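The values are calculated or read from the model by the stated rules, or taken from the named source; none is laboratory data. Bear in mind that the values here come from a model prediction, so they are computed numbers and not experimental data. Every residue, glycine among them, receives a Cβ derived from its backbone with ideal geometry; neighbour counts consider all protein chains shown. When the accessible area is computed, the model is the full protein with side chains, heavy atoms only, and any ligands, DNA or RNA have been set aside. Shrake-Rupley method; radii C 1.70, N 1.55, O 1.52, S 1.80 Å.
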Amino acid sequence: MTDLAFTRTEATRLPTEDRERILADPGFGTHFTDHMVSITWTEDAGWHDAEVLPYGPLQIDPASSVLHYGQEIFEGLKAYRRPDGSIVTFRPEGNAQRLNDSARRLALPELPQGLFVRAVQELVAIDADWVPTAADQSLYLRPFMIADEVFLGVRSARRARFLVIASPAGPYFTGGVKPVAIWLSEHWARAGHGGTGAAKCGGNYAASLLPQNEAAEHGCAQVLFTDAETDDTIDELGGMNLFLVRSDGTLVTPELNGNILAGITRKSLIELAQDRGHAVEERPVTVSEWREGVAQGTITEAFACGTAAVITPIGQLRTADGRDIDFGDRAPGSLTMSLREELTGIQFGIRPDRFGWLTEIVPALEGSPAR
Ligand SMILES: *Cc1c(COP(=O)(O)O)cnc(C)c1O
């Protein structure tokens with residue numbers, strides 16, 4: 001099934017000058033490339049009809065199950081252009097595996113790992129001109145799966161579709177790497193034991209938007225969610241994992257307790273830090289520990305991480321009762337910035353890929369210009 005043949009339909013490409021105008025200032029998630037990938041699944045035939053199509057609206061029956069019961073999962077990864085012009089992705093097999101973990105939880109079909117990577121490769125190869133050459137820019141890839149059986153009964157769907165779309169991306173937060181303030185959500189949870197917190201599904205994001213609005217009203221960029229039962233044990237942000245740094249250089253991050261998403265950036269930073277000789281503790285972490293640690297000087301840095309924003313230093317945790325935790329002008333911390341520098345360096349092919357994390361999907365063209 002991994003060697004399913006893809007049919008390719010050439011799209012009417014956006015004129016070069018329009019593409020160049022978009023790439024000069026891509027923003028995040030607003031512009032899309034010329035093509036998309038679609039693969040269909042039915043209970044009887046399995047995965048079939050692998051297609052590279054012109055990017056455009058989907059025809060969805062109003063009774064499609066995804067529109068009613070939310071059977072949807074997604075992934076996020078990036079394609080980077082190296083100085084020699086070649087294009088790579090970062091640990092795509094990790095995304096393929098996680099998509100299948102999410103699929104099992106949402107009762108959607110699993111996709112063979114090789115087919116996931118092929119789909120990404122097909123799209124990036126045909127839309128290679130959309131992979132930015134500017135520093136700090138990349139092509140954000142959004143694979144996702146929806147249940148599209150036409151049926152209103154409540155059971156897992158017998159028909160699904162896997163799609164990949166791509167969007168050129170500048171920095172996620174504009175204005176350079178600046179420490180952000182985050183808001184402690186005390187009324188709302190994003191996950192509970194036995195729920196879907198460990199799956200990358202749209203439903204989790206739907207539940208995080210009201211608290212996200214509350215955060216924005218308090219001048220915060222992101223929300224920190226705690227465990228629904230203790231209201232003190234930290235889970236993660238709406239779409240990013242969290243790390244604290246101790247004064248002795250130890251990294252502390254919430255363990256994968258079934259409520260939080262197993263971030264590939266999280267995993268990579270753990271491996272990178274351990275390789276540099278830092279201790280990394282994966283265990284329950286509380287807001288109280290964070291507050292006391294900052295007061296005593298034993299916790300010196302905090303950051304959030306995920307594919308979209310890589311590493312974002314946290315300057316402040318704001319709370320409804322005003323007992324804010326504040327790093328003041330000590331943020332961003334030096335370990336935060338040095339990990340960020342090395343990870344982005346590896347991704348863009350500027351630092352050696354010591355761990356074999358990159359998969360080349362488009363080779364260097366002869367005589368192609370350096371970035
Ligand atoms: C995608 C995601 C992350 C980050 O995962 P990466 O693989 O590092 O991009 C963290 N938390 C949530 C809820 C997510 O959806």
Next on the checklist: Could you go through segment 17-35 and let me know if any residue there is closer than 13 Å to PHE116 by Cα and modelled with pLDDT of 95 or more.
Outcome noted: no
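When the residues of segment 103-143 are narrowed to those that are assigned to a loop (DSSP other than H, G, I, E, B) and hydrophobic (A, V, I, L, M, F, W, C), which ends up modelled with the lowest pLDDT? Spell out the reasoning first.
Here is the first cut: in segment 103-143, the residues assigned to a loop (DSSP other than H, G, I, E, B) are 106-112, 127, 131-137.
Cutting the leftovers down to hydrophobic (A, V, I, L, M, F, W, C) gives us 106-108, 111, 131, 134-135.
Values: LEU106: 98, ALA107: 98, LEU108: 98, LEU111: 98, VAL131: 96, ALA134: 87, ALA135: 81.
Taking the candidates together, the pick is ALA135.
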Checklist outcome for this item: Residues of segment 1-37 being crowded, with 17+ Cβ neighbours inside 10 Å and not in a loop (DSSP other than H, G, I, E, B), in sequence order, are ARG19, ILE22, LEU23, HIS35, MET36, VAL37
Next on the checklist: Scan segment 87-94 and tell me whether some residue there is of a type in the set (Ser, Thr, Tyr) and in contact with a Ser or Thr (Cβ under 6 Å, 6 or more places away or on another chain).
Outcome noted: yes
Item to check | Residue check, ARG161 in contact with a strand residue (DSSP E or B) (Cβ under 9 Å, 6 or more places away or on another chain), assigned to a strand (DSSP E or B), farther than 24 Å from MET240 by Cα and open to solvent by 20 Å² or more (accessible area, probe 1.4 Å) | outcome: yes
Checklist entry - In this structure, does VAL294 turn out to be assigned by TED's automatic domain parsing to the domain that holds ILE325, assigned to a strand (DSSP E or B) and open to solvent by less than 40 Å² (accessible area, probe 1.4 Å)? => result no
Checklist entry - Given the conditions (1) over 19 Å from GLN212 (Cα atoms); (2) within 12 Å of the ligand (Cβ to nearest atom); (3) of a type outside the set (Asp, Glu), and given that LEU237 satisfies all but one, which numbered condition is not satisfied? => result (1)
Checklist entry - Assuming GLY277 fulfils every condition listed in (1) open to solvent by 50 Å² or more (accessible area, probe 1.4 Å); (2) closer than 13 Å to ILE234 by Cα; (3) assigned to a loop (DSSP other than H, G, I, E, B); (4) modelled with pLDDT of 95 or more apart from one, which condition is it? => result (2)
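If you go through segment 86-108, how many residues are hydroxyl-bearing (Ser, Thr, Tyr) and surrounded by 20 or more Cβ atoms within 10 Å (Cβ to Cβ)?
2
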Item to check | Criterion (more than 16 Å from the ligand (Cβ to nearest atom), touching a His at 6+ places or on another chain (Cβ under 7 Å) and not polar (S, T, N, Q)) met by exactly one of ARG318, ARG330, ARG276, ARG283 | outcome: ARG318
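A quick yes/no check of all residues on (1) closer than 24 Å to PHE28 by Cα; (2) surrounded by fewer than 22 Cβ atoms within 10 Å (Cβ to Cβ); (3) away from the ligand (no atom under 12 Å from the Cβ):
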{"position": "LYS200", "(1), (2), (3)": "yes, no, no"}
{"position": "ALA215", "(1), (2), (3)": "yes, no, yes"}
{"position": "GLN222", "(1), (2), (3)": "yes, no, no"}
{"position": "LEU261", "(1), (2), (3)": "yes, no, no"}
{"position": "LEU272", "(1), (2), (3)": "no, yes, yes"}
{"position": "SER288", "(1), (2), (3)": "no, yes, yes"}
{"position": "ILE314", "(1), (2), (3)": "yes, no, yes"}
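Please tell me if THR230 is open to solvent by 10 Å² or more (accessible area, probe 1.4 Å), closer than 30 Å to ASP136 by Cα and either more than 16 Å from the ligand (Cβ to nearest atom) or in contact with a strand residue (DSSP E or B) (Cβ under 9 Å, 6 or more places away or on another chain) (or both). Give the derivation first.
Numbers: open to solvent by 10 Å² or more (accessible area, probe 1.4 Å): yes; closer than 30 Å to ASP136 by Cα: no; either more than 16 Å from the ligand (Cβ to nearest atom) or in contact with a strand residue (DSSP E or B) (Cβ under 9 Å, 6 or more places away or on another chain) (or both): yes.
Against the criterion (open to solvent by 10 Å² or more (accessible area, probe 1.4 Å), closer than 30 Å to ASP136 by Cα and either more than 16 Å from the ligand (Cβ to nearest atom) or in contact with a strand residue (DSSP E or B) (Cβ under 9 Å, 6 or more places away or on another chain) (or both)), THR230 does not qualify.
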Checklist outcome for this item: Exception for LEU256 within (1) open to solvent by 50 Å² or more (accessible area, probe 1.4 Å); (2) more than 12 Å from the ligand (Cβ to nearest atom) falls at (2)
Checklist entry - Within segment 297-321, how many residues are closer than 17 Å to SER185 by Cα and part of a loop (DSSP other than H, G, I, E, B)? => result 3
Checklist entry - So which residues in segment 181-198 are among the β-branched types (Val, Ile, Thr) and either at pLDDT below 95 or within 12 Å of the ligand (Cβ to nearest atom) (or both)? => result THR196
